[in-house]
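S.K.: First the structure, which I've put down as structure tokens, then a few questions once you've had a look.
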Amino acid sequence: MLSIKLLSQVSKCNLAFLLLAANYIFACENAMAQIVPDGTLDTQVQSIDQQNIITGGQEVGPNLFHSFEEFSPLSDVETYFNNNSNIENIFTRVTGGNASIIDGIIRTNDASLFLINPSGIIFSDNAQLNINGSFFATTAEQIIFADGTTFDTQVSNVKPLLTISVPIGLQYGTNPGAISISNRIADNLDEQPPIFNSSNPSNTFALLGGEVTLNNALIKSLSGGRLEIAAVGKGETIQFQNNNGSWEFDYNDVTNFDNIYIEQNSLITSDGNPMLINLRGDNIFINNSLINNFNIADNNGGQISLNATNLIKLNDSFLGTQSGGFNIAENTLKPATQKGGDISINAREIILTNGSGVTADALSEGAGGNINIEAEEYLEISGVDDELSKSTGTLILPSFIAVTASDSSSGSGGNIRITTDRLNITDGGRIDSSTLGTGDAGTIYINARNSITISGQNGIFRSGLYASSENPNPNDTTTTGEAGNLSVTGEAGSLSIETSLLILREGGEISVTNLRDKDGGNITINTDNLVLFDDSQIIANALNARGGNITINTQGLFPFDAVEQGQIQASGDTDGEINISSPEIHSKINTTLQEQSPISPEKLIYSACGLNSNFTANQFRYIGRGGISPSPLTPITEDIVGELRTVENISGTIQTEPHNTVMSPSISNTTHNSLQEATTWIINDRGNVELVAQSPNTPMLVPDCPHSKSGIAE
């Protein structure tokens, strides 16, 4: 039988719900059940008309401290921190050991809010932060202040020592909890309220976890500000400071990061007032999602910065900044006179796949932003998974990195700078700088220490590096922008690092073109070796003007007649200049596979014990393309003669390249009464290699006479 207290509870809750889920009986007592003070700091909670009003706490100067055992605001309920007007920062800790689930509205009176719960923080569908200040959600264990005191989530019997000092950092425990956001429920983004709404463009929205996940999440800031997402490992400390109202973060002392996942149609957008977006983790995975920073204001565009210790991978995803944007409701262009935002991506490995794009665009009067990418070991830009194209039923462009000036812009495109050890562009992937407006295209700088490989194509899209100036309306003579320059190894004399190997194959292309009445752009390549396979090409063409200039500095160009074959060209009304500087310009490498050795054993070797017999009947096995024995002391057996590569000098002595030392075995002159199997070789008086038998009493090959006509080369 239910107790009187429980019967009273039943009168407040839906009976059917109790029968379906009995474990929720005690949670239905009132809305305040999800926000429970722990009694340490005199925090008080009142529930009035779908509103939780939080008062009390401990006030120290401009800082207000609250402490909760549980803090999980329910949906359709506003949680209101009713702070005094002199309060600048509200510090709220959760000590009960359970994650905080935010599914309602949180509001403060013109104060920044710090929510610290080491067990985890979850933002659900209805989460909304109406805070006219900054918001920090963190799973650290303590907040560190400038005077050395801390606000700790590990509650003891000793009353915490609170301070008027400013916060300067976070100390993480042995098992920092995760932070996750899943709140995108409206099909129309204009109807979806932003999760973080502040009227102050200098405010910060910070998610400082262990692991951080955005799953079908929407983060939209109407006022701009800063979005900081960091996944920090156990025992680490991060530092930050308030610089004139804007928070700046320092991860220099962090050696152990966790992962960031942005997936399942997640969207981060500034909605016209640009943000500064900064992500920091061990690995950053962005899957089927969008991070976009529009600028329709009269200040410089916001930046996007991704930094990972190991891997950054974009799959079917997009990162972009724009100077200028479109008002969807009015279907009009909103101009911006200032520069668009820059994009910076840094990791050990960076991979763009399945139509992923990184772009900085100029859409109106302001110049486009710059893209800076540093991949310590590897950067890959690849095409599209055929299965993905079939499943969506739409054409998906190959992956790309681009700076563009649109046909509605008068601003110039930004620059692309890439630094890596190896760059691999495949299946139609591309790096592109182009202009369709009156501004000039930007410049591409690629610094690859080890190698650059450009290969393959995807339909009409050839893998490559492109800088172009195009006229969307051939009859419009006002579009006069110039094609950009493309430097494969960086800016001369400053940021260039030579690449050991540049390979173009299966249609790979390096191209600067101008389809207007302007000269073509320039290409500069500095590489140890440049190899052009198949129909790959390097071109600097112009439609109605002089072609661009191509400068190649290399130790080896293969094939050496690439210019005659049209693989390297600078054409136009007047051809541009092609300058190739190479000490090996007249050399040629055979890039086809050898089906057999270039040395014919029948012509160079015969058996001493079977001159008139069938050559194939003798027990001689030829292996390799020719060359020298692995070592002068290695016995030559009946199974392996070794690599024979010799140059006959005037005296008939065998010499090696580049060494001149010649070794000679002692050969027995014993007359043979019967045929014996050949076990060694000599150079006969005709200068040919002869297989002979060796007496059992004769020692094996020993380097003793460097001037002998027979022997083994070192």
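The values are calculated or read from the model by the stated rules, or taken from the named source; none is laboratory data. All values derive from a computational prediction rather than experimental measurement. Every residue, glycine among them, receives a Cβ derived from its backbone with ideal geometry; neighbour counts consider all protein chains shown.
S.K.: When the residues of the stretch 129-153 are narrowed to those that are closer than 20 Å to residue 81 by Cα and surrounded by fewer than 19 Cβ atoms within 10 Å (Cβ to Cβ), which ends up modelled with the highest pLDDT?
M.R.: For the stretch 129-153, the residue satisfying everything is 130.
S.K.: Additional query: Is there a residue in the stretch 251-272 that is assigned to a strand (DSSP E or B), under 15 Å from residue 307 (Cα atoms) and at pLDDT below 95?
M.R.: No, the stretch 251-272 has no match at all.
S.K.: List the number of the failed condition for residue 190; all other conditions in (1) crowded, with 16+ Cβ neighbours inside 10 Å; (2) modelled with pLDDT under 95 hold.
M.R.: So residue 190 meets the others, but not (1).
S.K.: Turning to a different aspect of this structure: I'd like the residue in the stretch 114-128 that is in contact with a Gly (Cβ under 9 Å, 6 or more places away or on another chain) and modelled with pLDDT of 95 or more and, out of all such residues, is nearest to residue 193 (Cα to Cα).
M.R.: 121
S.K.: Of everything in the stretch 170-187 that's closer than 15 Å to residue 267 by Cβ and crowded, with 21+ Cβ neighbours inside 10 Å, which residue is modelled with the lowest pLDDT?
M.R.: Among those that are closer than 15 Å to residue 267 by Cβ and crowded, with 21+ Cβ neighbours inside 10 Å, it is 184.
S.K.: Right, something else. So which residues in the stretch 547-561 are over 30 Å from the mean Cα position of the chain (by Cα), crowded, with 19+ Cβ neighbours inside 10 Å and not hydrophobic (A, V, I, L, M, F, W, C)?
M.R.: Listed by number, the residues that qualify are 547, 548, 549.
S.K.: Still on this model: Please find, within the stretch 502-527, the residue that is nearest to residue 441 (Cα to Cα) out of those that are at pLDDT below 90 and of a type in the set (Asp, Glu).
M.R.: 519
S.K.: So for the stretch 183-200 (the condition being within 29 Å of residue 311 (Cα to Cα), in contact (Cβ under 8 Å) with a residue 60 or more places away in the chain, of a type outside the set (Val, Ile, Thr) and touching a Lys or Arg at 6+ places or on another chain (Cβ under 7 Å)), does at least one residue qualify?
M.R.: No, the stretch 183-200 has no match at all.
S.K.: Residues 434, 391, 410: which one is among the polar types (S, T, N, Q), part of a strand (DSSP E or B) and either farther than 18 Å from residue 312 by Cβ or at pLDDT 90 or above (or both)?
M.R.: Of 434, 391, 410, the one residue that is among the polar types (S, T, N, Q), part of a strand (DSSP E or B) and either farther than 18 Å from residue 312 by Cβ or at pLDDT 90 or above (or both) is 434.
S.K.: While we're on this one: Looking only at the stretch 562-576, filter to residues that are charged (D, E, K, R) and touching a residue at least 12 places away in the same chain (Cβ under 8 Å); which one of those is surrounded by the most Cβ atoms within 10 Å (Cβ to Cβ)?
M.R.: Looking at the filtered set, the residue picked out is 575.
S.K.: Please tell me if residue 294 is aromatic (Phe, Trp, Tyr) and at pLDDT 95 or above.
M.R.: In short, no.
S.K.: Given the condition farther than 29 Å from residue 412 by Cα and at pLDDT below 90, answer yes or no: does some residue in the stretch 534-553 qualify?
M.R.: There is at least one residue in the stretch 534-553 that is farther than 29 Å from residue 412 by Cα and at pLDDT below 90.
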